[in-house]
Amino acid sequence: MSAVTALPRCAHPDGSIREGKSTVGDAAKSAPRRDGGPSEAPPPTGPADEVLQERLQHIDHRLLVLSGKGGVGKSTLAVNLAVSLSLNGRRVGLLDVDIHGPSIPKLLHLEGRTLSGRAEAIEPLTFGEGLKVVSIGFLLENDQQAVIWRGPLKMKLIAQFLRDVEWGDLEYLVVDSPPGTGDEPLSLAQLIGRLDGAVIVTTPQELALTDVRKCITFCRQLDVPVLGVVENMSGLVCPHCGKTIDVFGAGGGGEGMATQMGVPTLGRIPLDPQVVQASDAGQPFVYFYGKTETASAFRRLSEAVIDSVEGPSATTTEADDVASS
Ligand SMILES: Nc1ncnc2c1ncn2[C@@H]1O[C@H](COP(=O)(O)OP(=O)(O)O)[C@@H](O)[C@H]1O
Ligand SMILES: [Mg+2]
């Protein structure tokens, strides 16, 4: 199968179409053109688009992973949630809409891979037993390449990722977004029609919590249900004795804030040095370190998500560990 050449039509601000992996031009060049450049491409796809609607009909539940700040563990959580749902027997897709800083390829050790297929039938990459994965990272020449785009182009790419990718029948689509409440989560929320909910990631510090309040407000303004808040890096797993130290005090600021804002707490994940090592090695924690306490915390989170989306009787016992540390 050939590398996708259709995405660059949307992906190149200079309107060029190139074979193989895309390269990205300067946003300044994306001014209106008469030669079929991207600004003359069809307008951003709306919910009325039939192909998009048809595609979305095959995706039962759609989750958006959001945070007010970068570096709180959103991508780590999105990956472990998706893998965990998949280990729990669900058919899952993972879409990375962090256009300026995609980290899903690295987290799943899929760097350097490209998407293949035809223009309107792009094959997602797969991880493990069939987790389907799509990221702009699969279209870039290398991970040092900068994407310099304005909102409308990002929206076109996100529309294409939803509409033209062969997602097939999915029970869950987990979407990882960049930090904040900018173009990407906004476009996603507008294009995807119905989101089952946002999973908001925070760390216990007060500064991060302030940003979470903005995420909750964002969701409320867009009528996106908030599934709940996840407090990540909540307590430190001591690399020597394995016990958890409550660095920011017991109870967790995220939990208090969630109660204050009237949203559920979905889970707490400890700060675990092994998570950093596993992530850097492209090993999803729940898959490769399934027997650890931290993996259990990720699994409990995915079960809380399933309970919230499908109803409390839907979870089975903890997914079987596929591999252990
Ligand atoms: N629970 C955790 N314990 C230890 N390190 C973590 C944890 N969650 C995330 N990290 C690390 O924090 C860094 C940022 O995580 P990332 O998922 O890229 O954040 P974001 O997507 O919010 O920017 C990464 O180095 C990651 O390995
Ligand atoms: Mg990220």
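The values are calculated or read from the model by the stated rules, or taken from the named source; none is laboratory data. Please read all numbers here as calculations on a predicted model, not as lab measurements. Positions of Cβ are backbone-derived with ideal geometry, glycine not excepted, and every protein chain shown enters the neighbour counts.
Right, Arg213: over 22 Å from Ser302 (Cα atoms), free of Cβ contacts under 8 Å to residues at least 40 places away in the same chain and either charged (D, E, K, R) or within 16 Å of ligand 2 (Cβ to nearest atom) (or both) or not?
Details: over 22 Å from Ser302 (Cα atoms): yes; free of Cβ contacts under 8 Å to residues at least 40 places away in the same chain: no; either charged (D, E, K, R) or within 16 Å of ligand 2 (Cβ to nearest atom) (or both): yes.
Criteria not met by Arg213.
Name the pairs whose Cβ atoms lie under 9 Å apart, with the first residue in segment 87-110 and under 25 Å from Lys291 (Cα atoms) and among the small types (Gly, Ala, Ser), the second part of a loop (DSSP other than H, G, I, E, B) and more than 15 Å from ligand 2 (Cβ to nearest atom), and 6 or more positions between them or separate chains?
Within 9 Å, the pairs are Gly89/Thr316; Gly89/Ala319; Gly93/Pro124; Gly93/Trp167; Gly93/Gly168.
Take the residues in segment 194-206 that are closer than 22 Å to Lys154 by Cβ and in a loop (DSSP other than H, G, I, E, B), then tell me which one is nearest to the chain's Cα centre (by Cα).
Leu195
Starting from segment 144-173, keep only residues that are free of Cβ contacts under 8 Å to residues at least 40 places away in the same chain, then list their pairs with residues that are among the charged types (D, E, K, R) whose Cβ atoms are within a distance under 7 Å, requiring at least 6 positions of separation or different chains.
Partner pairs satisfying both residue conditions: Gly151/Asp183.
From the list Ser75, Ser67, which one is within 15 Å of ligand 2 (Cβ to nearest atom), farther than 18 Å from Leu110 by Cβ and in contact with a helix residue (DSSP H, G or I) (Cβ under 8 Å, 6 or more places away or on another chain)?
Unique residue meeting the criteria: Ser67.
Filter segment 44-100 down to residues that are at positive phi and within 13 Å of ligand 1 (Cβ to nearest atom), then give me how many there are.
Just the residues of segment 44-100 that are at positive phi, to begin with: 71, 73, 89.
From the residues that got through so far, the ones that are within 13 Å of ligand 1 (Cβ to nearest atom) too are 71, 73.
Count: 2.
State the number of residues belonging to segment 139-156 that are surrounded by fewer than 23 Cβ atoms within 10 Å (Cβ to Cβ), closer than 26 Å to Glu50 by Cβ and of a type in the set (A, V, I, L, M, F, W, C).
Selection size over segment 139-156: 1.
Any chance segment 51-63 includes a residue that's surrounded by 20 or more Cβ atoms within 10 Å (Cβ to Cβ), modelled with pLDDT of 95 or more and either of a type in the set (Phe, Trp, Tyr) or within 16 Å of ligand 2 (Cβ to nearest atom) (or both)?
yes
May I ask you to list pairs of residues, at least six apart or on different chains, whose Cβ atoms are under 8 Å apart, with the first in segment 185-199 being more than 15 Å from Gln160 (Cα to Cα) and the second being among the charged types (D, E, K, R) and buried (at least 18 other Cβ atoms within 10 Å of the Cβ)?
Once the first residue is more than 15 Å from Gln160 (Cα to Cα) and sits in segment 185-199, its partners that are among the charged types (D, E, K, R) and buried (at least 18 other Cβ atoms within 10 Å of the Cβ) give Arg194/Arg62; Leu195/Arg62; Asp196/Arg62.
Mind checking which residues of segment 279-296 are buried (at least 22 other Cβ atoms within 10 Å of the Cβ) and among the hydrophobic types (A, V, I, L, M, F, W, C)?
Phe285, Val286, Ala295
What number of residues within segment 215-242 are within 15 Å of ligand 1 (Cβ to nearest atom) and not aliphatic (A, V, I, L, M)?
So the first thing to find is which residues in segment 215-242 are within 15 Å of ligand 1 (Cβ to nearest atom), and the list is 215, 229-239, 242.
Narrowing the set further to residues that are not aliphatic (A, V, I, L, M) leaves 215, 231-232, 234-235, 238-239, 242.
So the count comes out to 8.
Is there a residue being assigned to a strand (DSSP E or B) and among the charged types (D, E, K, R) anywhere in segment 178-193?
Checked segment 178-193: no residue is assigned to a strand (DSSP E or B) and among the charged types (D, E, K, R).
What strands (runs of 3 or more DSSP E), lying completely within segment 82-135, carry at least 2 residues that are buried (at least 22 other Cβ atoms within 10 Å of the Cβ)? Give the steps one after another, and end with the answer.
Numbers: elements: 92-96, 116-118, 121-123, 125-127, 131-135.
Here the list reads 92-96, 131-135.
Test of understanding: among Pro124, Pro152, which residue is within 15 Å of Ala82 (Cβ to Cβ) and more than 16 Å from ligand 2 (Cβ to nearest atom)?
Checking each option against the conditions leaves just Pro124.
Starting from residues that are within 16 Å of ligand 1 (Cβ to nearest atom), out of contact with any Leu (no Cβ under 6 Å at 6 or more places or on another chain) and of a type in the set (A, V, I, L, M), keep the ones in segment 176-210 and report whichever is modelled with the highest pLDDT.
Ranking the candidates gives Leu188 first.
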